[in-house]
Amino acid sequence: MKLVIKRNELLSILTSLIQIIPTKSSEVLFFDFLIKCENEKLTIIASDGLISMKIEQGLKNEKGEEVILSIEEGQILTPAKILFDIINKCEGDIISLTLVDSNYLHISDEKSEFKVVVKPGEEYPDINLSVEDNNQKIQVKIEDLKKLYEKTNFAVATKGPRELFYGININYSNDRVSFLSTDTYRMAKYTVHGIGEKDINFTCPIKALTLIKDIEEKGECTIYKDNKSALFVTKKGILATRLLIGDFPGVEGIIPEETPYVVKIKSEEFIKIAERMSILSDFEKKNAQIKLTIDEERKVTLSANSIDYGNSNETVKDAKVEIPQNEKIFEIGFNIDFVLPAVKAQESESVSLCFSSPTKVFIVKSEDKNNIQIITPVRLNNY
């Protein structure tokens, strides 16, 4: 086996795949990359046993520029972290990989040379990355896939007993693809146009979506789904992942029917004030609690209070308020670490905070009806 390839392109492939390599595994071969050199194509595969991905590189890139300068057939298993670190640290523009005596991979950039112990590629565990063309599939633009991820990933749970909430629920119905996530304290949903033939609903681990969104900048992604797994297929590669089992909660029945208290505010101003006020919030409890107050004069104030550190407050300029005529004051508390990502996800000059009561979930929204952000309030302590 021999491969002569431009370093930047090889490093780009390895950078995507190294994220899959596990830190610990009962299968030691999952610490390796499977590298296959064929007549006019390079294929590299990585897996942790639950998520697997392969990326292919032809002789030329999309611009028609040569990427692979020379290739001879063969396949090997090479330690993933070692290969990644070598290619990352090399300074030459061209990398040469040559199999020597079936046991060593000679790596050179015409400046540095390495000899790495490798194993036969045939020893790699059987990884199913084949695509069965059935109508359990949906197609979405990669640009839209990135948006779906960016507007929902922050609400995915990072701790807790329910594994289901460590993923994003993917739904297709009526030419619409939606991503939905929750950590039980907040919920984020975003919807785009998609193409499919049947309604589909499943929950995918966040790690798989983090990987697939960066594999290409443009083009189409086709998602295939069966009972236990999903395949994400792009022009450049394929990712297979197991699914998370369970019934994911929907936004139906959670969104308040009426929100008589509304504060419309410039997004940038809200973010800056909230970040200033949270400096004195009770960070020892890891709960950046902020209070929003609408007073009798319909002024909006953000404030924070800490028994140990003091208090802070600031009036929000140019906030537009809706409140029932018979109401004089409205107060609600929230975790600013939950609200700020929801505001930023709107990517809008202004947002509306819509409340039904101080104890029920509230909505962060903009003119984009496809973007739904729901937050659970917190009790007002230390005020």
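Laboratory data are not the source of any read-out in this text; all were calculated from the coordinates shown. Computed from a predicted model, the values in this text were never measured in an experiment.
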Got the relative contact order for the stretch 120-203 handy, in percent, Cα pairs under 8 Å and 6 or more residues apart?
32 percent
Taking the alpha carbon gyration tensor of the stretch 261-375, what are the square roots of 5 times its eigenvalues, largest first, to the nearest whole Å?
21, 18, 13
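Please report the relative contact order for the stretch 2-123, taking Cα pairs under 8 Å with a sequence separation of at least 6, and give it as a percent rounded to a whole number.
Numbers: 246 pairs, mean separation 35.0, N = 122.
It comes to 29 percent, rounded to a whole number.
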Listed here are the pairs 291/369; 137/235; 81/111; 119/228; 147/317; 146/198; which of them are more than 25 Å apart at the Cα?
291/369; 119/228; 147/317
The value for the stretch 2-123 (convex hull of the alpha-carbon atoms, volume per residue, Å³) is 98 Å³
The stretch 335-375 versus the stretch 75-107: alpha-carbon centroid distance in Å
49 Å
What do you get for the angle between helix 80-89 and the principal long axis of the chain? Use alpha-carbon atoms, 0 to 90 degrees, nearest ten.
90 degrees
Can you give me the C-alpha center-to-center distance between the stretch 165-199 and the stretch 204-224, rounded to a whole angstrom?
14 Å
Nearest-ten-degree value, helix 267-277 long axis tilted from longest Cα axis of the chain
80 degrees
